[in-house]
Amino acid sequence: MGAHHPECPERLGAIQDRLIAAGLDLYLSFHDAPLAEMEHLLRVHPRSYVEMLQSSSPQHGIHHLDPDTAMSPGTWQAALRAAGSGILATDLVMKKDVPSAFCAVRPPGHHAERAKAMGFCFFNNVAVAARYALDVWGLQRVAIVDFDVHHGNGTEDILSGDERVLMVSTFQHPFYPYCGTENPAPNMCNVPLKAGTRGDGFREVVDSVWLPRLRAFAPELLLISAGFDAHYEDDMASLGLLESDYAWVTERLKEVARESAQGRIVSILEGGYCLSALARSVAAHIKVLADL
């Protein structure tokens, strides 16, 4: 994204270092994500948009699509691989090769709309995985949980009205991208949080709003847009979650997955820009996912 940009390569390095330092890497299997294919992308993005992104990829330097979202010579391949991670992870859990998966990817995806890159995002990774699970694996119900501090406007734009998908989310409001509260479709359960909300407020929403909707929907696969920028130490926003809150919500979501989805969870990294808090939070999330 360019020098001094918060969506930086060090994010994934910090996560990997923390997994090693915590000894979690010894209990995990690691996979290199494939490049998403055109057929995967076309389930959520028009061909003209995909081709526009490819043609916008610079051979040198940085090309800005908007003030926040830029492409370097490696962005096109990285975006394809980030989208491909959800495809591979879905295959792994559906084949029962692994009970759950976490995709440590850049760039993130949940702000990418049908035909618009924004918010550091190019392809909507979680929407690509959701449509793949529905169309290729023949699932009837897929749930998406988004606890990033920013609303997943792209996921809503793409999947709004698709009755095979339920999306539940929390996000700071009013805050970028300044949407998600006006007349959402019935399959969108968007819960805005005021700046300064701490873990107790978040947990109350999960217990009273998310879990009843998820259990009534009975998803056959649970996808998580796992953004960790609602952490207290992340100064990109003004919520106050801690590692213990991320571990707690992961355990609650595992309960839902065990009830109706044979435990199948695919979690895909979104935001999180304070490197230490991001790494600790992801480690706490993965530790619960892996029953460690």
Any residue in the range 177-184 that is of a type in the set (Phe, Trp, Tyr) and more than 18 Å from the chain's Cα centre (by Cα)? yes
Name the helices (runs of 4 or more DSSP H) wholly inside the range 1-77 in which the number of residues that are in contact with a helix residue (DSSP H, G or I) (Cβ under 7 Å, 6 or more places away or on another chain) and among the basic types (Lys, Arg) is 2 or more. 10-21
Scope the range 82-98; condition under 14 Å from HIS31 (Cβ atoms) and either more than 14 Å from the chain's Cα centre (by Cα) or among the aromatic types (Phe, Trp, Tyr) (or both); matching residues: LEU88, ASP91, LEU92, VAL93, LYS95, ASP97, VAL98
The range 1-34: number of residues that are free of Cβ contacts under 8 Å to residues at least 60 places away in the same chain and either touching an Asp or Glu at 6+ places or on another chain (Cβ under 7 Å) or farther than 16 Å from ALA277 by Cβ (or both): 9
Contacts under 6 angstrom Cβ, first residue in the range 92-103 being surrounded by fewer than 18 Cβ atoms within 10 Å (Cβ to Cβ), partner assigned to a loop (DSSP other than H, G, I, E, B), 6 or more apart: PRO99/GLY263
Taking the range 35-87 as the region of interest, how many residues are free of Cβ contacts under 8 Å to residues at least 60 places away in the same chain, in contact with a strand residue (DSSP E or B) (Cβ under 6 Å, 6 or more places away or on another chain) and buried (at least 17 other Cβ atoms within 10 Å of the Cβ)? 1
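The rows are residues; the columns are (1) farther than 20 Å from PRO108 by Cα; (2) surrounded by fewer than 24 Cβ atoms within 10 Å (Cβ to Cβ); (3) not hydrophobic (A, V, I, L, M, F, W, C).
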| residue | (1), (2), (3) |
| --- | --- |
| LEU193 | yes, yes, no |
| THR197 | yes, yes, yes |
| GLU204 | yes, yes, yes |
| PRO212 | yes, yes, yes |
| LEU223 | no, no, no |
| VAL266 | no, no, no |
| VAL282 | no, no, no |
| ALA290 | yes, yes, no |
I'm told TRP137 meets every condition in (1) within 24 Å of GLY84 (Cβ to Cβ); (2) buried (at least 17 other Cβ atoms within 10 Å of the Cβ) except one. Can you identify the failing condition by its number? (2)
Among the residues of the range 218-271, count how many are assigned to a helix (DSSP H, G or I), of a type in the set (Lys, Arg) and touching a residue at least 24 places away in the same chain (Cβ under 8 Å). 2
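Since every read-out is calculated from the coordinates, none of them should be taken as a lab result. Only a predicted model underlies this, so the values are computations on that prediction, with no experimental measurement involved. Ideal geometry is used to build each Cβ from the backbone, glycine not excepted, and the neighbour counts take in all protein chains shown.
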